[in-house]
1. Can you compute 3J(HN,Hα) from phi for each residue in the range 177-186, using the Karplus curve 6.51 cos²θ - 1.76 cosθ + 1.60 with θ = phi - 60°, rounded to whole Hz and x for Gly and Pro?
2. Would you work out the charge dipole size for the range 470-539 about its Cα centre, treating the Cβ of every Lys and Arg as +1 and the Cβ of every Asp and Glu as -1, and quote it to the nearest 20 debye?
3. Between residue 42 and residue 562, what is 0.36 nm times their sequence separation minus the Cα-Cα distance? Round to one decimal in nm.
4. 5 Å is the cut-off here: which amide hydrogens, built 1.01 Å from N in the peptide plane, fall below it relative to residue 155, excluding neighbours closer than 5 in sequence?
5. Give a residue-ordered list of calculated ³J(HN,Hα) values for the range 335-344 (Karplus: 6.51 cos²θ - 1.76 cosθ + 1.60, θ = phi - 60°; whole Hz; x for Gly, Pro).
6. In nm, what is the difference between 0.36 nm times the number of residues separating residue 77 and residue 218 and their Cα-Cα distance?
7. Once the Cβ-Cβ distance between residue 274 and residue 60 is put in as r, and R0 is 41 Å, what FRET efficiency do you end up with, to the nearest 0.05?
8. Mind listing the phi-derived Karplus ³J(HN,Hα) values for the range 103-108, rounded to whole Hz, using 6.51, -1.76 and 1.60 with θ = phi - 60°, and x for any glycine or proline?
Amino acid sequence: MGPDGAVCEVAMTASTWERFQSGDDPAELRPELLSSWRRSRWNGVDPEHVDVPFTDADPDTRLARIAVPILARMAELLTGDGSCLALSDERGAVLWRWVSEPSLRTTLDDLSVSEGFCFDEEFIGTNGLGTALETGRIAMVRGSEHFVQRFHHVTCVAAPIRHPVTRRTVGAVNVTCRAEHTNPLLAVVVRTLVEEIQAALWQAASARERMLLDAFLAARRRGPGPVVIIGEDVLITDAAAAALDLDHRDLWDEVRELPAEGATLQLGAQVNAQVSVLRDGPTTTGALLTLADPATPRARSTGAPDPWTAAAERVAALVGRESVAVRGEPGVGKLTLLRGFWPDAVVLDAATLPVDGLRTWVGGLRAALAPAATAATAATAGTAATAATARNVLSALPPESGPPVVLAHVELLDARSARAIAAELDRAPSPPPLALTLTLPDGAGPPEPAALLLDRLGAATVGVPPLRRRAEAIATLAQDLLSRQRLTLAVDALAALRRHPWPGNLRELTRVLRDAGRRARGGVVQATDLPSEVMESVTRRTLTPLERAEASVIAAALQEHRGNKSAVAKELGISRTALYAKLRGYRI
C-alpha cells in the first residue's frame, strides 16, 4: 500500500473510532477489533489518555536470554527502516527494546514503549502486545485502531510466544512503526521471529521436559479426547483441557496422593480424568490425565442444594400462603420459577404501564383481583416436582379466590403508580395469591417506590442467584437444553461455558446453545461452535468465591451511585486507584 493509501485508511479508521466512542458499533470494523474495543470499554480504559503502568518485570529471564540474540540479529537487518523491535513477558511488560532511529525512539519514549512498562490490554486497551496476549493470536493494530487516542500515530504488530513443551504463552514479540509506514510484511517478520524463538526454546528444554512432551504427543495420536501431562514443574494441555483452567500446583498435589495406578480423578462437577503414572526407570516424572469427552451429565451431588433449588424450595414454602417477591438479575428465570408453581397465573407487567396508562393498567389489576367462582386447578406444565407442588399449593386456596396474580418488573414503578397499586390491592375483598418480580443487580436494594409496595404487602423476598454463581449447575442446564436438539457437549465447550460471566443469565445461555446447536456437526457441540464472546472467556482468570462476592458488592455500589466511581470508592472505603484495579481485575 502506498503512502497516500495508508493515510486514507488511517483517516477512515479515525472516523470509525470516533463513532464507536460515541456509542455506535460500526459495521465495517473487523470482528476481532470490535471485540477488543468492547473489552477495553468494559475494562474502564480511558480512550482519550492512559498512563502506561510500570512493573518490576525481570529483564534477565530464560526467555530473554534465548530470544534477545535472535531479535538483535533481525535488528541489524532493520537499521534505518523506521521500526522498533520489542520483547515482552506473558503479561505484556516490555523486557527488551531496540529502535532503528533517534526520532522514532523519542516518539516511543513518550508513549512509554520501553523496558518495564506493561501493555496488558486491561490497562492500555487495544494494542499490539496486549491484544495478541489476550487473544493468543497475531494482532496487527494500525493507527486509529488503537483504543487510546495517544497511540493513533503508530502501528503495532505482535504475536505470542508459546513454550514448545508446556504450550503456555511465555511472552510476545512486537514490531512498531509509524502509522503511515504500515506494511503487511511486518506480520511475516513477527511470525518468523516467533518461530525462531520457539525453536530455540525447544533446544534449551531439559530431557525430562522432552520426555513428558513425547508422552503428550503419543497420547494425542491415540485419540481426540482432552489430554493433560503434569509433572512437578510442567503442565502440558491441549486446547480443550487448557480451557478448564487447571491449577498446576493443586492438581500435582492431588495426583501424587492418588492411591494406585489407573485411578480416576474428578476435575469438576462434570469432568473425570483417568490417570496414568509416567516413570523414567524407578523415578516418577509425571502423570498422563485423559479426560472424558464429550462431557456427559452425572448424578448430582447429595451435598448442599444448587442455589436455584434452594430458591425454588423457599418460593414453594411461601406461594399461596403470603405475598412473595422474587428478585434477581435480568434473565435469571424469576417469572419462569413462579410459573412452575402457577402456570395459569395472570401476569401484569409494569414495563407496559407507560404505554397503557395508569388508569388502564390498574383496571387490568382490578379485573385480575375480582373473585372467581372456583380456584384455578393445578397445572400439568413444568417438571413433575413443580407440578405436584403447584397442585398442593392451589388446593389449599379458598374456593372464592381467582387465579394467582404476578406483578412483574415492579422496580420500574414510580411513587404514584406504586401507591395506586397498593390501594387497589387493599380494596380487594378476597385477593388471590400474589407474587412480584424485581429485576435488580445482584446485591442491590429495590427503588423506593417498589420498597413502599413491598412494605405495604409485607411481602417475603426470595433472591434467584445469577448464573455466574451456579458454575456447578451450568453443565446440567446446558445438557438439558441441548438434549432437546439431540446434542451433547464437548469438554472444551463445557469449560468455556463455565468460565463465561453470563451477564444475560439463563436467557443468554439458552440463546448461545440454540445458536451453537445449529452450527454443531456430528451431534456434539464443540468450543468452536460457541460465539466469540463466550470463547474469549477461556483466557480469563477464574475468580475465587471471595472475589466474586466482592465483585457483586462493587457492581451493586456502581448501580446505586449511577457509575460515579468516586462515590463508590468513598462508600467502600478504598482509594480510586484500588477501585479501578478491582474493576479491571473483575472485569466489571
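1. For the range 177-186, the Karplus-derived couplings read 9, 5, 4, 6, 9, 4, 9, x, 5, 4 Hz, x marking Gly and Pro.
2. Numbers: 11 positive and 8 negative charges, 56 e Å.
Rounded to the nearest 20 debye, it is 260 debye.
3. Values: separation 520, 0.36 × 520 = 187.20 nm, distance 1.54 nm.
Contour length minus the Cα-Cα distance gives 185.7 nm.
4. Distant-sequence amide H within range of residue 155: 143, 177, 178, 179.
5. Once θ is set to phi - 60°, the couplings for the range 335-344 become 5, 4, 4, 5, 5, x, 9, 10, x, 9 Hz.
6. On the way: separation 141, 0.36 × 141 = 50.76 nm, distance 4.01 nm.
Gain on stretching residue 77 to residue 218: 46.8 nm.
7. Details: r = 41 Å, r/R0 = 1.00.
In this case the efficiency is close to 0.50.
8. Listing the rounded values in order: 5, 5, 4, 4, 4, 6 Hz.
Each reported figure results from applying straightforward, stated rules to the coordinates on display, with no laboratory input. Nothing here was measured: the structure is a model prediction, and the numbers come from that model. Note that we place each Cβ from the backbone using ideal geometry, even for glycine, and neighbour counts take in every protein chain shown.
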